[in-house]
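Read through the structure below, which is laid out as structure tokens, and then see the notes.
What follows is calculated from the coordinates using simple rules that are stated; it is not laboratory data. Source: prediction; values computed, not measured. All Cβ positions, glycine included, derive from the backbone under ideal geometry; neighbour counts span all protein chains shown.
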Amino acid sequence: MKYVLVVDDSRFVRNFHTNLLKAAGLKAEGAVDGVDALEKSLGRKYDLILTDINMPNMDGIVFTETYRQRDKKTPIIVISTQAEQANKDKAILAGANLYIVKPVKPNNLVLHIKMLIGE
């Protein structure tokens, strides 16, 4: 079973995405920010990471750049309310595979995730 890390400082959003992925037949767990995500990724191999941008301690862009220094293969989806092209470009340059603007339809999010993990 594929394992997804959901990184978002909003407990509501983190739980929504985690529960959505579990209902889609994936394993999922949450992290409250980039620092928490990096710590969790040291102890577990994830098949995909879904991260917000705006978070305390370490935002999603810095997290993606830092994570990519040790793992170039795991797909990363950045999901944010920031629709500006400059933010999309930053995320892709940091190493994200996909940038999605919130709100996103749950079925579309699951479809993107399953395509990136090969399911």
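Once backbone amide H atoms are built at 1.01 Å from N, residue 48 has 3, 5 as its partners under 5 Å, excluding neighbours fewer than 5 places away on the same chain. Karplus-derived 3J(HN,Hα) values for segment 11-23, using 6.51 cos²θ - 1.76 cosθ + 1.60 with θ = phi - 60°, are 4, 4, 5, 4, 5, 4, 5, 4, 5, 4, 5, 5, 5 Hz; glycine and proline are entered as x.
With +1 on each Lys and Arg Cβ and -1 on each Asp and Glu Cβ, and nothing else charged, work out how big the dipole of the chain is about its Cα centre, in Debye to the nearest 20. The partial results should precede the final answer.
Working: 17 positive and 14 negative charges, 93 e Å.
Result for the chain is approximately 440 debye, rounded to the nearest 20.
Just from its helices, what would the mean residue ellipticity at 222 nm be for the chain, if runs of 4 or more DSSP H residues each count -39500 (n - 2.57) and the sum is divided by every residue, rounded to the nearest 500 deg cm²/dmol?
On the way: 5 runs with 54 residues, N = 119.
The helix-only estimate for the chain comes to -13500 deg cm²/dmol at 222 nm.
Backbone geometry of segment 67-79 corresponds, through the Karplus equation with coefficients 6.51, -1.76 and 1.60 at θ = phi - 60°, to 3J(HN,Hα) couplings of 4, 5, 5, 10, 9, 8, 9, 4, x, 10, 10, 9, 10 Hz, x marking Gly and Pro. So what does the Cα-only Debye profile of the chain read at q = 0.11, 0.12, 0.21 Å⁻¹, as log10 I(q)/I(0), no solvent term? Each listed q maps to, in turn, -0.29, -0.35, -1.22. With K and R counted +1 and D and E -1, the other residues having a Cβ less than 15 Å from that of residue 36 yield a net charge of -3.
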